[in-house]
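These notes concern the structure reproduced below.
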Amino acid sequence: MLAAQSLELRKDILSLIKRANGGHTGGCLSSIDILVGLYFHALRIDPAMPRDPGRDRFVMSKGHSAEGLYCVLAKAGFFPALVLEQYGRFDSTLYGHPTMNVPGVEMPTGALGHGLAVGVGMALAAKRDGASYRTFVLMGDGEQAEGSVWEAAMAGSHYGLDNLVGIVDYNGLQISGKVDDVMRLSPLGDRWAAFGWKVVQIDGNDMGQVIGALDSVPAKAGSPTLILARTIKGKGVSFIENQVAWHHKVPTDEQYAQAMRELDTAIASAREARV
Amino acid sequence: MEKREMRAVYAQTLIELAKTNEDIVILDADLMHANGAFAFAKAYPERSFNVGVAEANMVGVAAGLSSVGKIPFASTFGSFAGRRDYDQFFISANYARLNVKLVGTDPGVTAKYNGGTHMPFEDLALMRAIPKLVILEPSDPVSLGKLIRKSASYYGCVYLRMQRSPASVLYPESEEFEFGRAKVLREGSDAVLFALGSVMVNESLAAAETLATEGIRAAVVDMVSLKPLDVETVVAQAGKTGRVVTCENGQASGGLSSAVAEAILESGVRAGFARIGVKDEFGEVGTVEYLMERYALRAQDIAAAVRSLA
Ligand SMILES: Cc1ncc(C[n+]2csc(CCOP(=O)(O)OP(=O)(O)O)c2C)c(N)n1
Ligand SMILES: [Mg+2]
C-alpha cells in the first residue's frame, strides 16, 4: 500500500504548504514517491533510535523539498504529526530547509550541491570501519549544475563506494525553466556512467520501480549506484504537473480543494487496486 | 514615505546603462526571477547568462568575460555570493585585478523563512578581507541606482549587498554618491549611529527620533560604503559625540563594527562604543520583524545601546 501512502503524503504536503503560506510545491510532489520508498521500505532505521550508529544514512541534498521530508519523518514516527503544524511559524524547529534540530535529519541542507560529498564521507567511513550501513543521497536535477556534485561523483567511484547510492529527482525543471534549456544536462545517465557510477534508470513516480531499484543496490559490486529517477514535477495534481511556476507556490483555496479532490480519487483507486 | 522595489531599480538601471554601453552583461544562477535580473534578460537576452545552479562557475565565467573587456554584473543570494563564490571572486576576479561586480541579495534577516543556509550574516566580513574590493550597501532606491552607475563606470571589483524587496526613499533624485563617502542624515551632539543598508538606516532614524524625546541628540550616518570606509566622517562624528553605536544587518564582527572600531582606535579619538548586529549566531526563520527582535536589531535596541553608553 505504499502507492496509497505517497498519495496521502501528497495531501499532507499540500496542507502544510497551504497552512504556512509558502513552500517548494513542485519538487516535493516529484520526489515524494522516492522518499516513501526509502523511509517505508528500504532504509534500515528505527525512529526510536535516530542516532543509532548502525542506521542507514539518508541525506536530502535537495533541501528545499523540506516540506516533503518533514511529512515523511512525521509519518515514520521521528516526531509527532502535531509538530508539522508549526511549520512556517517563527518559533518552529521546522525551517524552510532542514536543520539538525529535526529528529531524523542527518545533515542541514538547502544550499544545493552539498549532499553528495557528505554522503561520500559517510560511506567512506563505513568502508573503513567495516560497518554495514548504507548511504543514500537525493539530489535535484537543477542541482546537478553545481560543480561540487561532480567532485563528489569522482570521489565516490574512486573509492569504490558500493555502499553509496545517489538518486536524482529528474523532473526536468528548475526555478528559471527547463533544465536542458538553462544548462544542458543530457545525456545525464551517460555522464554519471562516465564518472564510474552504475546507473539505474527508472520512473521515479512508479512505486514498483522505485522499490525495485532500491532493492537492487549495489547495482554493481565495487561501484556506487546512481538511480536516475525520471519524475514529473508537481506529480499527482493536474494543474501543478510540469509547471515551472509551481516550483515555489501556494495553492489558492479553490486550487487546494481541487487538489484534495484529485488526490482523494487517486487514493480510492489505489486502495481498490491494493497498491 | 514612498517605497520602491530595489530589484526593479537594479534591473532598470542596468537596462538604461546597457543602451549606451555595449559591454554591460549580466550573469545569474537560476535566481533571475527572485532578484529582478529577469527584466534585463528580457531586454537584452544576448547579454544575459543564466548559468544554472552554479554560483562559483558564474563568478569564474564573469572573470573571464571581464578579462576581455566586458563589464559583468553577477547576482545571486548573498549567502551564496559570499560563501560559494568566494575563492573564484577572490582569485579570478580580485587578485587578477579584473572588473567583476558581484551582487548579493537578501542581506541578513531579509532572507526571512529560508533559514540559516540562506541567511547571509557573514558576507560583509568575508568581503572586507579581500584587498582593494569596493563594498557597498545602498540604503534606498535612489542610492542603489546611483551606485550601480558608479560601479559600472569604475574599473575594479565591487560587492553590492542588495535588499530586493521595497525600501523607503531617503534621498532626492539629485543626490550624488561616491565610494567611501558616508551621508550624515541627521546631526546630533550626544551620540552617533553608524548604519549600513536599508533596514539598519531606517531603524537608526527611528531610534534617533525616540532618543530626541528624551533629550539625547543622536546623529545618524548612512555609511553607504563599507569599503573604502569614510574614515574622516567616522572619526569626526566619534570625536564630536563621544558615543558610537554601529548598526549592521549581519554579524557584528568583521564587518561594519570592526571597520569603525579600527578607524576610531587608530585616530586616537576615544569614545564609548556599542554594536548592534548579530552576536555570534546562525540564521533562523521568521518575519523580518521577528528576526529583528530575535537578534536585537530594532530601533528600541539601538536606543537602549545608546543609553547604555554613559
Ligand atoms: C547553492 C544554491 N543556489 C541556489 C539555490 C536556490 N534554489 C533553490 S531550489 C533551486 C532550483 C533547484 O532545482 P532542482 O534541483 O531541479 O530542484 P527541484 O526541481 O527538484 O525542485 C534553486 C536554484 C539554493 N538553494 N542553493
Ligand atoms: Mg528539477
Rounded if a/c is under 1.5, else prolate if a/b beats b/c, else oblate: with a ≥ b ≥ c from the C-alpha gyration tensor eigenvalues square-rooted, which is region B:23-63? oblate
Spacing of the two label points (7 Å from each Cα toward its C-beta) at A:ALA221 and A:GLU272, in nm: 4.7 nm
Net charge over other residues, Cβ less than 11 angstrom from the Cβ of A:VAL118 (K, R count +1; D, E count -1): 0
Length released on extending from B:LYS279 to B:ASP87, taking residue separation times 0.36 nm less the Cα-Cα span: 66.6 nm
Tell me the volume per residue, in Å³, of the convex hull enclosing the alpha carbons of region B:183-308. 92 Å³
For chain A, one quarter of the surface area of the C-alpha convex hull, expressed in nm², comes to 13.3 nm²
For the pair B:GLU262 and B:GLU5, the simple spin-label estimate (label points 7 Å beyond Cα toward Cβ) gives in nm 3.8 nm
About the Cα centre, charge dipole magnitude for chain B (Lys/Arg +1, Asp/Glu -1 at Cβ), debye: 320 debye
Shape call for region B:246-292 from the C-alpha gyration tensor, a ≥ b ≥ c root eigenvalues: rounded (a/c under 1.5), prolate (a/b greater than b/c) or oblate? prolate
Output field shielding_mean for A:89-100 (other chain Cβ, 10 Å radius) holds 5
Measure nothing but the geometry: give the 0 to 90° angle between the long axis through the Cα atoms of A:115-129 and the longest principal axis through the Cα atoms of chain A, rounded to 10°. 50 degrees
For A:SER223, which sequence-distant residues (separation of 5 or more, or a different chain) have an amide H within less than 5 Å of its own amide H, given hydrogens modelled in the peptide plane? A:ASP162
Scoring chain A by relative contact order with C-alpha pairs under 8 Å, at least six apart, yields a percentage of 25 percent
For region A:69-186, list log₁₀ I(q)/I(0) at each q in 0.14, 0.15, 0.23 Å⁻¹, using the Debye formula over Cα point scatterers of equal strength and ignoring solvent, two decimals each. -0.73, -0.82, -1.22
What's the long-distance tail for region A:3-85, i.e. % of Cα pairs beyond 18 Å? 39 percent
Put in order of increasing Cβ neighbours within 10 Å, starting from the fewest, A:SER30, B:SER139 give B:SER139, A:SER30
Counting all C-alpha pairs of the protein assembly as shown, share separated by more than 37 Å (%): 38 percent
Could you tally the net charge around B:TYR295, taking each other residue with its Cβ under 10 Å from the Cβ of B:TYR295, Lys/Arg +1 and Asp/Glu -1? -1
Per residue of A:174-184, other chain Cβ atoms within 10 Å number on average 5
Can you check what the Kirkwood hydrodynamic radius comes to for region B:3-168, Cα pairs only, in Å to one decimal? 15.3 Å
Debye intensity ratio in log₁₀ form over the Cα atoms of region B:117-221, taken at each q of 0.18 Å⁻¹: -0.97
A student applying the Cα gyration tensor rule (rounded when a/c is under 1.5; otherwise prolate if a/b is larger than b/c, oblate if not) would label region A:127-275 oblate
Computed over the Cα atoms of region B:226-275, the Rg and Dmax in Å are 10.0, 28
With both bridge residues required to lie in the protein assembly as shown, what share of the DSSP beta bridges run antiparallel, to the nearest 5%? 15 percent
Cα centroid distance between region A:172-243 and region B:137-200, in Å? 46 Å
Net lengthening on full extension, A:MET49/A:PHE239 (0.36 nm per residue, minus Cα-Cα): 64.4 nm
For a 30 Å ceiling on Cα separation, which of these pairs sit above it: A:LYS233/B:LYS146; B:LYS70/B:LYS279; B:LYS3/B:LYS183; A:LYS233/B:LYS279; A:LYS127/B:LYS279; A:LYS198/B:LYS112? A:LYS233/B:LYS146; B:LYS70/B:LYS279; A:LYS233/B:LYS279; A:LYS127/B:LYS279; A:LYS198/B:LYS112
Between region B:277-291 and region B:42-57, the alpha-carbon center distance in angstrom: 31 Å
To the nearest 10 degrees, how steep is helix B:256-267 against the longest Cα principal axis of chain B, on a 0 to 90 scale? 60 degrees
Could you compute the net charge surrounding A:ASN21? Neighbours are other residues with a C-beta less than 13 Å from the C-beta of A:ASN21; K and R count +1, D and E count -1. +3
Once amide hydrogens are built 1.01 Å from N within the peptide plane, the residues lying 5 or more places from A:THR231 or on another chain with amide H under 5 Å from its amide H are A:TYR170, A:ASN171, A:GLY204
Using label points projected 7 Å from each Cα along Cα→Cβ, tell me how many nm separate B:LYS42 and B:ASN21, to one decimal. 2.3 nm
Phi angles of region B:226-239, converted by Karplus (6.51 cos²θ - 1.76 cosθ + 1.60, θ = phi - 60°) into ³J(HN,Hα) in whole Hz with x for Gly and Pro, give 7, 8, x, 8, 7, 4, 4, 5, 4, 5, 4, 5, 5, x
Between A:ARG57 and residues 5 or more places away or on another chain, the pairs with built amide H atoms under 5 Å apart involve A:ARG134, A:THR135, A:PHE136
Which of B:MET292, B:ALA305, B:ALA191 sits closest to the plus end of the dipole of region B:183-308, meaning its Cα is farthest towards the positive end, when Lys and Arg get +1 and Asp and Glu get -1 on the C-beta? B:ALA191
Calculate for the protein assembly as shown the 222 nm mean residue ellipticity that helices alone would give, adding -39,500 (n - 2.57) per DSSP H run of length 4 or more and normalising by residue count, nearest 500 deg cm²/dmol. -12000 deg cm²/dmol
Give me the angle, in degrees from 0 to 90, between the Cα long axis of helix A:253-273 and the longest principal axis of the Cα atoms of chain A, rounded to the nearest 10. 60 degrees
Roughly how many debye, to the nearest 20, is the charge dipole of the protein assembly as shown about its Cα centre, given +1 on each Lys and Arg Cβ, -1 on each Asp and Glu Cβ, and no other charges? 480 debye
Between A:GLU85 and A:GLN258, how high is the FRET efficiency from 1/(1 + (r/R0)^6) when r is the Cβ-Cβ distance and R₀ = 35 Å? Nearest 0.05. 0.90
So what are the ³J(HN,Hα) numbers for region A:88-103, from phi and the Karplus equation (6.51, -1.76, 1.60; θ = phi - 60°), rounded to whole Hz, Gly and Pro as x? x, 8, 6, 9, 7, 8, 8, 8, x, 9, x, 10, 6, 6, 9, x
With θ set to phi - 60° and the Karplus curve 6.51 cos²θ - 1.76 cosθ + 1.60, what are the ³J(HN,Hα) couplings of region B:24-39 in order, to the nearest whole Hz, using x for Gly and Pro? 5, 9, 10, 10, 7, 10, 6, 10, 4, 6, 5, 9, x, 4, 3, 4
About its Cα centre, region B:210-296 carries a charge dipole, from +1 on Lys and Arg Cβ atoms and -1 on Asp and Glu Cβ atoms, whose size in debye to the nearest 20 is 340 debye
Measure out, as a whole number of angstrom, how far apart the alpha-carbon centroids of region A:84-105 and region A:120-135 sit. 28 Å
Quick one: grab Rg to one decimal and Dmax as a whole number for chain B, Cα atoms only, in Å. 18.6, 59
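None of the figures in this text is laboratory data; all of them are computed from the coordinates on show. Since the structure is predicted, the reported quantities are computational estimates derived from the model, not experimental observations. FYI the Cβ positions are ideal-geometry reconstructions off the backbone, even for glycines, and counts take in every protein chain you see.
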